[in-house]
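J.: Structure in C-alpha cells, see below.
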Amino acid sequence: MNAVILAVLVMVVLSLLRVSVVFALVAGALVGGLVGGLSLDQTLEAFNNGVGGGAQVALAYATLGAFAVAISRSGLPDMLANRLITMLGKEATQTHQTRVKMLLLGAVLLVAISSQNAIPVHIAFIPVLIPPLLIVMNRLQLDRRAVACALTFGLTAPYMLLPVGFGAIFLNDILLANLNSAGQPLGLEITRNMVPMAMGIPVGGMAIGLVVALLFSYRGRREYASKDLVTSHAQHTHTPAQPHMLGLVMSGVAIVAALGLQLYSGSMILGGLVGIGLLSMGGIFKWREADDLFTSGMRMMALIGFIMISAAGFAEVMKATGDIDALVTGAFEVFGDNRGVAALVMLLVGLFITLGIGSSFSTIPIIAAIFVPLAVQFGFSPMATVVLVGTAAALGDAGSPASDSTLGPTAGLNVDGQHDHIWDSVVPTFLHYNLPLIAFGWLAAMML
C-alpha cells in the first residue's frame, strides 16, 4: 500500500478511536516512513527536521492562552455574559431563544470571516472571543458543533474566494504562482482574475454545508455543565476581583492592542505579550501571579500546540518518502483516461495529502507540480485546473485533525473540557464541508 495513504489511515483511525491526536500523528508518521522505504533513523530524522516548523505556532497558542486567562480574570467576560443573559430574559420563549442563537452564530461567523480578509488576524481572536460566550451558549443549550462549523467556515471559505488578506496569499502568492510555475513548460497560463472566479463554485458548496449544519444538523438543544473557565484548567489561589472601570477599560484596550499589533507585526506572540502587559498595568493581575497565569494558559493550549508540532513532523516524513508522486501516478494508471474519474481521483488524493499535513497553504506546492501536467494531459481547461488544484489543497483544511481551522475552534470551545476535538470539531466540519467540496469541485472541473 502507498505510504501516504497508509499513514493517513493510521492517523485518522486512531484519532476516531479517541487515541490522542499527537500519538496518532507520530504513529502515522512512523508507519508511513517505514513503509515508504525509510529506515527508522531516517524517519525520525525527517520527523525531527519537521517539528521545528510548528514550534512558533505552538508558542503563539500558549501565549494566546495566557492572554485569554488574563482576560477572563478581568470581569469583562462575566459582564458580557450577564448582558447577553439579561437580553435572553428569564422567561424567554423558544422563538426568542432561537433568535438569540442565530444572532450569536451570525456574529461569530462574521468575526471569523473578517479574521481572514478585513482584519486578517486568523485564529488569534478565538481565545479572546469564544470562552466568555460559553456561559451564554450553555444557557441557550446551543450545540457547540454548530459554533465549530461557523468558525471553520469563516476561517477557510474567505481565503478560498476573496483575494484580500490571507486570501491574497492563498490565491495569488501561492495558488496562482505555483500553477503558472508548473504550467509554463506546458504552455498553460493562469491570469489573476481566473482564480477567485474558478473557486466560487466549490465555496458555494461549503456555504450549503454551513446552512445544513446550522439549520438542520445541529439545530437542536445540547446540555453542557456550567464550569468556571479558569479553575477548570488549573488550580490556583487567585480570587478574581470584582469588575471595575479601569480593569474593563484596560481589557478593551488590551484586546484591541493585541489584535492590532498582531496585524501590524504578523506575530501572535508579540500581540499576546503586549496584551498581557496592558492587563497587568490595569491591575487585572499582579506580576507575581504571572507564572500561574502562563501555566493556566499553557495547559489550556498545550494539546493544540503539540498537535501543530507533530503535524509539521508528519508532513516532513510524507515528503521524504517520495510516495506522494507515486500516489498520484498510481491512481491514474488504475483509472485510465476517463476525465470524470481523473477529476475525482485528483480531489481524493488532495484530501488524503492535506488530511495529514493539515494546511492547504503548504499542500499546494506539493500537488501543483504533479496535478498541473496531469490536468493538461487530460484536457482540462485553465479554469478547471485552478479548481482541481485549489479544491484538492483546501479539502483537508476544513476537516483535518491537524488543521488550525479545526484546532482553533477547539481551543476556544474546549476551555471547560466539554468539546471533543475529533467528534465535535473535525467530524462535523469534515461531513459538512469536505463532502460538498468534493461534489462541487468535481462539478466545477467538469463544467468550466
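J.: What ranking, highest mean first, results for peptides 38-47, 421-430, 389-398, 5-14 when packing means the other Cβ atoms within 10 Å averaged over each residue?
T.: Packing order, densest peptide first, comes out as 389-398, 421-430, 5-14, 38-47.
J.: I'd like the trypsin sites (Lys or Arg not before Pro) in region 125-197 restricted to DSSP loop residues with at most 13 other Cβ atoms within 10 Å, sorted by number.
T.: Taking region 125-197 and a limit of 13 other Cβ atoms within 10 Å, the loop trypsin sites (Lys or Arg not before Pro) found are 192.
J.: State the extension gain, in nm to one decimal, for the chain segment bounded by residue 208 and residue 59, taking 0.36 nm per residue of separation less the distance between their alpha-carbons.
T.: 50.1 nm
J.: To the nearest 10 square angstrom, how much accessible area does residue 159 have with a 1.4 angstrom probe?
T.: Taking all protein chains as shown, residue 159 has close to 0 Å².
J.: Kindly rank 439-446, 378-385 from highest to lowest mean number of other beta carbons found within 10 Å of each residue.
T.: Answer by packing, highest mean first, reads 439-446, 378-385.
The values are calculated or read from the model by the stated rules, or taken from the named source; none is laboratory data. Everything numeric in this text was worked out from a predicted model, so none of it was measured. Please note: Cβ atoms are built from the backbone with ideal geometry, for glycine as well, and neighbour counts cover all protein chains shown. We work out accessible area using only protein heavy atoms, side chains counted, and drop any ligands, DNA or RNA first. Shrake-Rupley method; radii C 1.70, N 1.55, O 1.52, S 1.80 Å.
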